[in-house]
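Read the structure below first, then the notes.
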Amino acid sequence: MSGPLDEVARRAGEWLRGVGPMHEIVISSRIRLARNVRGYHFLSKADTAMRAELAEALANAMRRATLLKDMLHVDVEHLDELDRQFLVERHLISRQLAEGTGARRVAFDVSEAASIMINEEDHLRIQVMRSGLQISAAWEQINAIDDALEEHLDYEFHPQYGYLTACPTNVGTGIRVSVMLHLPALRLTNELEKVGQAARDMKLAVRGLHGEGTEALGDFFQISNQITLGRGEAEIIDDLGTAVIPKIVEYELAAREALLKGRLQALDDKVWRAMGMLKAARLISSSEAMQYLSHVRMGLHIGRLSTIDLQTLNELFLQIQPAHLQKLHGERLSGEQRSIERAAVIRARLNAN
């Protein structure tokens, strides 16, 4: 089994480096922009021929933009299911693009910090991801990409309503700011629901590891804005970057401190039991592995473990996903074979530290 994505599978993206402000809790910061091009129907009204014409026009515009000339272009329509799932696990495309029909593509740079989806819900979905809490840096990069594309494309823009999008919640700036957080202590202290409710009260969306409709595997949560109309990009970015996310990080740190002071033996048992299982297991599911890795990651940050580095852990969270396992192994695997291979990959990485 080989293909254009094999080399991508063997490296880690920029957002997995485990650096940047608050990186012990903030895995990554992501900004997406929704854009549509004048002269073409929204995708819900576009026929097969228009979708194909649009995909080609947008890909050509990207290739003409100097800032984007080195991006790798992938024809998602003609990928097999495994490669599409691989790109979802990599956070390079959405589940909607993977499961869609007709002409659709993605382009991304070698660092995987920037990617552009063609024919998802909107004509264009531009994305930038950074490690840690770096929303402002992500905004600077995505704004430059947006400007570079606009030199070659005529966006649908209304003087009163702003950028016009397929979904009304994206009308206006078309921006979605999302931060991925690791919150194991808040779950262990039963404080997670309070944080989630507070976020929802502030009109923020709380989702799982791979976005809308997915579970919070390994205690990973994505928190993002839901409203774009009537609010500027700077206001949305400032709300999340300086108010909401730092406060949630503060709650998680306080929960970790409470566990250290009041439940140290139980905490150590959870952390070391997880490490023992990961180092010894011969067969392990993705959900079980994610939960154990979550506990080990917390143990590393609170000083109860020192035998593993953060980047190794971050990479393991990705490499144990079903499509990644099969890409790295070089052939398709059954469910049981994946559980065996997953356990072997984890043992090899942990015992090498």
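The values are calculated or read from the model by the stated rules, or taken from the named source; none is laboratory data. Quantities reported herein were computed from a predicted structural model and do not represent experimental measurements. Cβ atoms come from the backbone with ideal geometry, glycine included; neighbour counts cover every protein chain shown.
Need a quick list: helices (runs of 4 or more DSSP H) entirely within segment 76-153 having at least 1 residues that are surrounded by 23 or more Cβ atoms within 10 Å (Cβ to Cβ).
Qualifying helices (runs of 4 or more DSSP H): 81-89, 135-150.
Any residue in segment 236-244 that is exposed (fewer than 14 other Cβ atoms within 10 Å of the Cβ), under 20 Å from L192 (Cα atoms) and free of Cβ contacts under 8 Å to residues at least 24 places away in the same chain?
yes
Evaluate segment 18-34: report whether one residue or more is in contact with a helix residue (DSSP H, G or I) (Cβ under 8 Å, 6 or more places away or on another chain), under 16 Å from Q141 (Cβ atoms) and exposed (fewer than 14 other Cβ atoms within 10 Å of the Cβ).
Taking every residue of segment 18-34 in turn, none turns out to be in contact with a helix residue (DSSP H, G or I) (Cβ under 8 Å, 6 or more places away or on another chain), under 16 Å from Q141 (Cβ atoms) and exposed (fewer than 14 other Cβ atoms within 10 Å of the Cβ).
If you take the residues of segment 339-353 that are surrounded by fewer than 17 Cβ atoms within 10 Å (Cβ to Cβ) and either polar (S, T, N, Q) or in contact with an Asp or Glu (Cβ under 8 Å, 6 or more places away or on another chain) (or both), which of them is modelled with the highest pLDDT?
Here the answer is N351.
Please specify each residue of segment 1-49 satisfying the condition of being within 30 Å of L310 (Cα to Cα) and free of Cβ contacts under 8 Å to residues at least 12 places away in the same chain.
Correct list: E7, R11.
Restricting to segment 276-313, and then to whatever is assigned to a helix (DSSP H, G or I) and over 25 Å from the mean Cα position of the chain (by Cα), can you tell me which residue is surrounded by the most Cβ atoms within 10 Å (Cβ to Cβ)?
Selected residue: M277.
Give the residues of segment 314-338 that are surrounded by fewer than 21 Cβ atoms within 10 Å (Cβ to Cβ) and outside any helix (DSSP H, G or I), sorted by residue number.
Across segment 314-338, the qualifying residues are G330, E331, R332, L333, S334.
Sort out which residues of segment 50-70 are part of a loop (DSSP other than H, G, I, E, B) and in contact (Cβ under 8 Å) with a residue 40 or more places away in the chain, and write them in order of number.
Within segment 50-70, A65, D70 meet the criteria.
Of (1) within 23 Å of the chain's Cα centre (by Cα); (2) small (G, A, S); (3) surrounded by fewer than 19 Cβ atoms within 10 Å (Cβ to Cβ), A57 satisfies all except one. Which?
Going through (1) within 23 Å of the chain's Cα centre (by Cα); (2) small (G, A, S); (3) surrounded by fewer than 19 Cβ atoms within 10 Å (Cβ to Cβ) one by one, A57 breaks only (1).
From (1) assigned by TED's automatic domain parsing to the domain that holds A185; (2) in a helix (DSSP H, G or I), pick out the condition that doesn't hold for I227.
Of (1) assigned by TED's automatic domain parsing to the domain that holds A185; (2) in a helix (DSSP H, G or I), only one is false for I227: (2).
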